[in-house]
Amino acid sequence: MTAATAAAVRAELRRLGNAAIAAHARGFFKTGKGEYGEGDKFLGVRVPVVRKLVRRHRGLTLSRALALLRSAFHEERLFALLWLVQAYQRGSEEERRKIYTGYLNNTRHINNWDLVDVTAHHIVGAHLAGRSRKPLYRLAKSKSLWERRIAMMATFYLIRKDDFTDALKIARMLRDDREDLIHKSVGWMLREIGKRDLAAEEKFLRQHHKKMPRTMLRYAIEKFPERKRRQYLRGMAG
């Protein structure tokens with residue numbers, strides 16, 4: 001396996017790009033003025049193709065991956081983040097620390113929901129599993145939409161370990177958030193808790209469902225029986 005350069009990865013992504021796919025992505029990821037992805041640029045490379053490219057370039061260095069993360073193009077940032085996930089999973093303790101630090105130092109470039117959702121639990125959640133969770137709460141209090149989503153999505157790693165405490169606390173912190181993308185992430189993680197411990201999810205819902213944004217509640221109760229869903233939506237759950 002040969003060592004890759006950021007320039008080589010960029011060249012491959014451009015070669016693989018497709019204008020029609022790029023145009024669709026600009027609409028799908030809300031890149032218009034005033035939208036959450038305003039100004040994002042796309043080459044038009046589908047996610048499975050990016051993943052395949054990541055596997056071919058395992059020899060990339062962390063510094064080169066972080067250079068790609070600072071790109072204006074979405075697929076280059078996605079490549080970098082998927083590379084960081086794979087490098088974290090196979091890395092030494094020191095390598096993992098550097099990847100975690102590099103990730104959090106570059107959150108301004110992790111600036112769309114897909115970039116958060118495929119990485120936050122694998123890096124931030126995994127790194128904090130055996131450590132203080134204080135960084136999650138700092139992220140949850142951030143003015144940045146994406147840092148708040150990172151905080152919520154990072155708890156997915158903990159939820160999968162049947163550790164719900166921080167997820168529920170952060171869900172409460174973000175209950176009244178103004179952003180729909182936060183509502184969706186909170187509802188999603190509550191639903192994931194419910195898959196493992198329905199009583200834990202319902203305890204939270206009984207306390208908060210009347211004040212939860214509609215989208216958040218709908219995501220949280222998506223798998224409930226229809227009768228119970230209607231009770232929650234009508235604010236009549238006991």
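The values are calculated or read from the model by the stated rules, or taken from the named source; none is laboratory data. Since the model is a prediction, treat every value here as computed from it, not as a measurement. Backbone-built Cβ (ideal geometry, glycine too); neighbour counts: all protein chains shown. Please note that ligands, DNA and RNA were not included when accessible areas were found on the heavy atoms of the full protein model with its side chains. Shrake-Rupley method; radii C 1.70, N 1.55, O 1.52, S 1.80 Å.
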Checking the cross-link filter: which aspartates and glutamates have an alpha carbon closer than 13 Å to that of LYS228, excluding same-chain neighbours under 8 positions apart? GLU202
Would you calculate, for the chain, the mean residue ellipticity at 222 nm contributed by helices, counting each DSSP H stretch of 4 or more residues as -39,500 (n - 2.57) and dividing by all residues, to the nearest 500? -18500 deg cm²/dmol
Average projection area in nm² (convex hull over Cα atoms of the range 124-238, one quarter of hull surface): 6.3
Accessible surface of the range 181-238 [probe 1.4 Å, protein heavy atoms]: carbon and sulfur percent: 46
How far is the Cα center of the range 159-212 from the Cα center of the range 1-49, in Å? 32
Given 4 °C, 1.567 mPa s and a Kirkwood radius over Cα pairs, the Stokes-Einstein diffusion coefficient of the range 1-83 in µm²/s is 100
Residue-level accessible surface for HIS24, protein heavy atoms, 1.4 Å, Å²: 120
Alpha carbons only, please: Rg and Dmax for the range 176-215, in angstrom. 10.1, 28
Computing the accessible area with a 1.4 Å probe over protein heavy atoms, can you report the carbon and sulfur percentage for the range 75-148? 50
In Å², rounded to a whole number, the accessible area per residue of the chain with probe 1.4 Å is 49
Out-of-range pairs (alpha-carbon distance over 30 Å; input LYS33/LYS143; LYS30/LYS98; LYS98/LYS211; LYS52/LYS169; LYS141/LYS210; LYS134/LYS184): LYS30/LYS98; LYS98/LYS211; LYS52/LYS169
Gain upon complete extension [ASP197, ARG227; 0.36 nm per residue less C-alpha separation]: 8.8 nm
Kindly provide the Kirkwood hydrodynamic radius of the range 1-142 in Å, to one decimal, from all pairs of distinct alpha carbon atoms. 15.7
Positive-pole candidate from HIS209, LEU81, GLY34, dipole of the chain, charges at beta carbon: HIS209
Determine how large the accessible area of ILE21 is when every protein chain is in place; take a 1.4 Å probe and give Å² rounded to the nearest 10. 40
Once both label points are put 7 Å beyond Cα along the C-beta direction, the GLN86-LYS33 separation in nm becomes 4.0
Which whole-number value in Å³ per residue fits the convex hull of the alpha carbons of the range 62-188? 96
When the dipole is taken about the Cα centre of the range 126-238, and only Lys, Arg (+1) and Asp, Glu (-1) are charged at their Cβ, what size is it in debye, to the nearest 20? 260
Dipole magnitude of the chain, debye to nearest 20 (Cβ charges: Lys/Arg +1, Asp/Glu -1, about Cα centre): 340
Give me the percent of Cα-Cα pairs in the chain that sit more than 24 Å apart, rounded to a whole number. 49
Nearest 10 degrees is fine. How inclined is helix 93-104 to the longest principal axis of the chain, computing both from alpha carbons? 80
